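Only one structure is covered here, and it is reproduced in the block below.
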Amino acid sequence: MVDCFHQISEDQDCRVVVVSGAGRVFTSGLDLMDMAPILMQPEGDDVGRIAWDLRKLISRFQETFTALEKCTKPVIVAIHGACVGGGVDLVTACDVRLCTQDAWFQVKEVDIGLAADVGTLQRLPKVIGSRSLVNELALTARKMFSDEACSSGLVSRVFPDKDAMMAAALEMAGQMAARSPVAVQGTKVNLLYSRDHSVAEGLDYMASWNMSMLQTQDLMKSAQAGLEKKDLKEVPFSKL
């Protein structure tokens, strides 16, 4: 997935990404049978070296999900049914989250004897904003259903079924793709920067960013379209 999203970032023909699940549910989480040999029977007999190998493995898994966040293009995720364990790691690394009424979320890791280690504990508090709710979900592994996910801010919209959700996700993607890629990608970069820095630092970074980006031709093209009441889909923005 790291290579995939790196290619997407470099692909000038791609402006937005929509991620969805093809199966009966979005994801049921980690396959314990696949991971059991690595976790239960690690190679070697030296604790220090085993620990270093596990650290490298965890870091690789972390980068898998961080790749969605680092992608310069906006990532919309459409969730139906169960979103368990690693699914929560994945969706919290996305920019916009949509779900169906039957969707539910579960930070499952404590039920299988470990602390979530590839992104949920770091991103979920910043997505929801309620430390108490995050602690409850992570420490009890209880399910969060779609209505609570929406009211808490984990998802922004809930749809009656997958077809309606996918139609809305693609429509939203089209709206983003119609805007200036300089503006859209710059907005994502600065939203992420501001999340992890103070307001003052975010404003300073924004000023440095826009001292060059305000010189883009896209600014005039967008303004002209507004004056002419033209749909931005008709504006030929250059690739980025």
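The table for this structure:
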quantity: Solvent-accessible area of PHE145 with every protein chain in place, 1.4 Å probe, in Å² to the nearest 10; calculated: 110
quantity: Under 18 Å from the Cα of LYS70 - lysines, other chains or at least 8 residues apart; calculated: LYS126, LYS188
quantity: Solvent-accessible surface ranking, highest first, for ARG55, ARG24 at 1.4 angstrom; calculated: ARG24, ARG55
quantity: Cα centroid of region 69-147 to Cα centroid of region 174-223, whole Å; calculated: 27
quantity: Residue pairs, from the table LYS108/LYS239; LYS56/LYS162; LYS162/LYS221; LYS73/LYS230; LYS143/LYS239, whose Cα atoms sit over 31 Å apart; calculated: LYS108/LYS239; LYS56/LYS162; LYS162/LYS221; LYS143/LYS239
quantity: GNM result for the chain, Cα springs below 10 Å: residue of VAL25, VAL155, VAL118 fluctuating most strongly; calculated: VAL25
quantity: MET220 accessible area, assembled protein chains, probe 1.4 Å, Å²; calculated: 130
quantity: Surface accessible to a 1.4 Å probe, per residue, for the residues of the chain, Å²; calculated: 58
quantity: Solvent exposure ordering (accessible area, 1.4 Å, most first) of THR140, THR216; calculated: THR140, THR216
quantity: Local electrostatic count, ALA183, Cβ distance below 12 Å [Lys/Arg +1, Asp/Glu -1]; calculated: +3
quantity: Spin-label pair ARG142/ALA51, simplified geometry with 7 Å Cα→Cβ offset, distance in nm; calculated: 3.6
quantity: Surrounding net charge for PHE61, when Lys and Arg each add one and Asp and Glu each subtract one, Cβ distance under 9 Å; calculated: -2
quantity: Solvent-accessible area of ASP13 with every protein chain in place, 1.4 Å probe, in Å² to the nearest 10; calculated: 110
quantity: Sulfur and carbon atoms: percent of accessible area, the chain [1.4 Å]; calculated: 56
quantity: Rel. contact order, % - alpha carbon contacts under 8 angstrom, at least six apart, region 136-240; calculated: 23
quantity: Residues GLN175 and LEU219, FRET efficiency given R0 of 30 Å [Cβ-Cβ distance, rounded to 0.05]; calculated: 0.95
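The values are calculated or read from the model by the stated rules, or taken from the named source; none is laboratory data. Everything quoted here is computed from the prediction, not taken from an experiment. Cβ sites come from the backbone with ideal geometry, for glycine too, and all protein chains shown count toward neighbours. In case anyone asks, the SASA skips ligands and DNA or RNA and just uses the protein heavy atoms, side chains included. Shrake-Rupley method; radii C 1.70, N 1.55, O 1.52, S 1.80 Å.
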